[in-house]
Every structure is written in C-alpha cells, then in structure tokens.
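Student: Before I ask anything, let me first share the structure, which is written out below as structure tokens.
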Amino acid sequence: MTVLILGQAADSHAAHIFRTLERLGIRCNFWDVATFPTQSQISWSPLTQEGTLRLADGRSLSLSQIKSVYWRSFSGVKVPKLPHESVQKVAYQDAIAVIRSLLQIPSIHWVNPSQAYQLQRERPLQLSKVHQLGVRVPDTLVTNDAIAVQEFVQRHAKTTFKPIYGGARTQLMAAEHLNPDRLRLSLKIAPVTLQEYVAGANLRSYIIGNVVYAAEICSASLDFHQDDEAKLIPIVLPEVMCRRAIAIAHTLHAEWMSIDWRLTPSGDFLFLEANPNPSFIAFEQQTGFPITQALIELLIGD
C-alpha cells in the first residue's frame, strides 16, 4: 500500500510529509495533477473501479494500492494548446472529468475529500453551513450592490472587506473605499465580502480526526496571515469549543482542517474561516504540538 501526495515536491509542506513517510518506511509518491494528460496517464474502469495511474516519471500505481491521499494542492489539468477553441474546451472538459471522477473513488482515504475543497472555494456557503450549526459568525454580507455596501457599513462601527474566494488580505473599510465612483467601478469588476469588525484575540485551531490543537496568534496586523512576525502562544480550548470545532470539520467534509476564531473580551468565540488545506509547519515549530505525527497517523491508520 502507498500514500499519494497530491501536489508538487517543491511545496515545503508536501515535501515535509513525503520525507516523514519515507523515514517511517512507508511508500509514498507525488502526483501533480497538472501533468495530466500530457505527462501522466490514467486508465480506470467505472464499473469495477479498478485502474492504473502512471506518473510522469514512468512509475505505475494500481489504484487499489493507494491507501490514502494527502491533498496538498490541485492546480487543475493542463491540456496542450490547440488551434481551435472549441476543441481545446472539449479536451479540457474530458481531462477534468476523469480527474474529478478519480478524486471521489471511495476505496481511497482522502485527506481531505474533494467536497471539502469545493466548500473552501464557496466561502459564503461555508459560512452559512457553520452558522446553521449554531456557531456565532460576525455579521457578513456578500454583494456587488453599492447601496447594500453603504447600508451595511452604516450598521457597524467598523467594517472589514476581503475577496470572496480569498488570495488577498483583509482590510478595514475607509472613507476612500466608499467613494461612489470608486465603489461602483470596483463592484462591477467583482463582488466583495463585508464583515463587521469584532475586537478580540485571534485564535487558530487545528483539527486532525478527533484531536484539536490551538494557539493564540499575537499580531499587531489586522490580518495576521500577512504578518511573518506573529507569535503563537499554545492554549487549551474549552471542551465545548473542541467539540464544536470537530463538528464544523465534519460538516465541511474534512478530517484535517484549521479554523480561525476571534475571542471577544466577554469570552465569546466567533468563527472567521476554515481551511481544509492549511499550512502548519511554523505553527508546529512554535507550539510544539505534534501535528505532523497526528497527520501521518490519519493517513496510515485503519
């Protein structure tokens, strides 16, 4: 049996898991999906669910040999450039259909399954599902309506804004952002996520199966994700919050996940966001929590 790492050897987290598995004598392989269909090959029977994955380096894996997959990165397929757009589109759709089917084979333990990553791309739905669990979430609005933006900002003392999909930092809404011309132009390009600003401490929890590790993130930045100097202080979450974190992960189809919280001065925990593919090496180094060990156990356990 082998563990497949979905990602690239150049990725520090993928390489870290690979080296750890190798050191333990566990067979493992990298697979960068972007090598399909030009460099890697797949043969698969939808009826028997048996098949073969031939990696770009020529090594061949029976799909039945793959015990688990650590999903680190998915960059999509890359079909060759073709002269006709319609043919290019068909080629891409054919290739991605095979990959999406493969990524849902039930005999393989996916850490995490494709549904978890789909919800990460659909963050408004992620927030909705978490809120339906009874978890507190800051007041949030997704919109490209300038009037709705103005009304939301007027309801709150401070408002933050950030992209819906992610990939950029959270900012405080300022007067220049509300300039009518600038606002209309921005909202014609893309909608935005607005959220009430809630003062308090930043916390991050990692869920690995039924284990939860957490730390306070000390940072002067509004968005600690952009602060390379942020300090981590290990904490013990209340049992009720550990159960809540595990419930959130299950609802979002994840066994392995980070959750960011805001802890208010009155002791309330507010959910900010969840990531089914978090970075963890720096967190582990600063806190001493055995995240790598727990993740390896999740990948190789029965």
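The values are calculated or read from the model by the stated rules, or taken from the named source; none is laboratory data. The shown structure was predicted, so the numbers you read here are calculated from the model rather than taken from an experiment. All Cβ positions, even for glycine, are placed from backbone atoms using ideal geometry, and neighbour counts span all protein chains on display.
Student: Please go through region 87-113 and pick out each residue that is closer than 21 Å to Thr48 by Cβ and hydroxyl-bearing (Ser, Thr, Tyr).
Tutor: Ser101, Ser107, listed by residue number.
Student: List pairs: first residue in region 106-131 and over 16 Å from Ser258 (Cα atoms), second residue modelled with pLDDT of 95 or more and small (Gly, Ala, Ser) anywhere in the structure, Cβ distance under 6 angstrom, at least six positions apart or on different chains.
Tutor: Every condition considered, the pairs that remain are His109/Ser68.
Student: May I pose another question? In contact with a His (Cβ under 9 Å, 6 or more places away or on another chain) and either β-branched (Val, Ile, Thr) or surrounded by 15 or more Cβ atoms within 10 Å (Cβ to Cβ) (or both): does that describe Leu183?
Tutor: Taking the combined requirement at face value, the residue satisfies it.
Student: Let me ask another. Considering only region 13-39, state which residues are assigned to a loop (DSSP other than H, G, I, E, B) and either of a type in the set (D, E, K, R) or not assigned by TED's automatic domain parsing to the domain that holds Ser60 (or both). It would help to see each step written out before you state the result.
Tutor: Residues of region 13-39 assigned to a loop (DSSP other than H, G, I, E, B): 24-27, 32, 36-39.
Listed by number, the residues that qualify are Arg27, Asp32.
Student: Here is a follow-up. Which residues, taken from region 135-150, are β-branched (Val, Ile, Thr) and either under 30 Å from Ile5 (Cβ atoms) or loosely packed, with under 14 Cβ neighbours inside 10 Å (or both)?
Tutor: The one that is β-branched (Val, Ile, Thr) and either under 30 Å from Ile5 (Cβ atoms) or loosely packed, with under 14 Cβ neighbours inside 10 Å (or both): Ile147.
Student: For residues that are over 23 Å from the mean Cα position of the chain (by Cα) and of a type in the set (Val, Ile, Thr), scanning just region 155-197, find the one that is nearest to Ser221 (Cα to Cα).
Tutor: Among them, the one singled out is Thr159.
Student: Evaluate region 140-149: report whether one residue or more is out of contact with any Lys or Arg (no Cβ under 7 Å at 6 or more places or on another chain), touching a residue at least 60 places away in the same chain (Cβ under 8 Å) and in a helix (DSSP H, G or I).
Tutor: Scanning region 140-149 turns up no residue that is out of contact with any Lys or Arg (no Cβ under 7 Å at 6 or more places or on another chain), touching a residue at least 60 places away in the same chain (Cβ under 8 Å) and in a helix (DSSP H, G or I).
Student: Quick one: Ile233 ticks every box in (1) closer than 17 Å to Val130 by Cα; (2) among the β-branched types (Val, Ile, Thr); (3) over 22 Å from the mean Cα position of the chain (by Cα) except a single one, so which number is it?
Tutor: Of (1) closer than 17 Å to Val130 by Cα; (2) among the β-branched types (Val, Ile, Thr); (3) over 22 Å from the mean Cα position of the chain (by Cα), only one is false for Ile233: (1).
Student: Being closer than 24 Å to Ala116 by Cβ, of a type in the set (A, V, I, L, M) and under 16 Å from the mean Cα position of the chain (by Cα) narrows it down to one of Ala294, Ala249, Ala282, so name that one.
Tutor: Details: Ala294 fails: under 16 Å from the mean Cα position of the chain (by Cα); Ala282 fails: under 16 Å from the mean Cα position of the chain (by Cα).
The conditions single out Ala249.
Student: Just give me the residues in region 249-272 being of a type in the set (D, E, K, R) and surrounded by 20 or more Cβ atoms within 10 Å (Cβ to Cβ), in sequence order. Quick ask: steps written out before the conclusion?
Tutor: Start the filter on region 249-272 by keeping residues that are of a type in the set (D, E, K, R), which leaves 255, 260, 262, 268.
Matches in region 249-272: Glu255 only.
Student: Take Leu63 and tell me if it is of a type outside the set (D, E, K, R) and farther than 19 Å from Leu295 by Cα.
Tutor: yes
Student: Looking only at region 54-71, which residues are more than 12 Å from Trp110 (Cβ to Cβ) and touching a strand residue (DSSP E or B) at 6+ places or on another chain (Cβ under 8 Å)?
Tutor: Passing the criteria: Arg54, Leu55, Arg59, Ser60, Leu61, Ser62, Leu63, Gln65.
Student: Now a separate question. Filtering region 220-232 down to residues that are touching a residue at least 24 places away in the same chain (Cβ under 8 Å) and in contact with a strand residue (DSSP E or B) (Cβ under 7 Å, 6 or more places away or on another chain), which residue is surrounded by the fewest Cβ atoms within 10 Å (Cβ to Cβ)?
Tutor: Looking at residues that are touching a residue at least 24 places away in the same chain (Cβ under 8 Å) and in contact with a strand residue (DSSP E or B) (Cβ under 7 Å, 6 or more places away or on another chain), I get Lys231.
Student: Now, a different point. I need a count of the residues in region 233-248 that are of a type in the set (Lys, Arg) and surrounded by fewer than 18 Cβ atoms within 10 Å (Cβ to Cβ).
Tutor: Our first condition is that a residue be of a type in the set (Lys, Arg); within region 233-248, this holds for 243-244.
Remaining after also requiring surrounded by fewer than 18 Cβ atoms within 10 Å (Cβ to Cβ): 243.
Total satisfying the criteria: 1.
Student: Which is of a type outside the set (Gly, Ala, Ser) and over 26 Å from Asp227 (Cα atoms), of Ile164, Ile147?
Tutor: From the options Ile164, Ile147, the qualifying one is Ile147.
Student: Further question on the same structure: Do you know which residues across region 134-174 are among the charged types (D, E, K, R) and at pLDDT 95 or above?
Tutor: Arg136, Asp139, Asp145, Glu151, Arg155, Lys158
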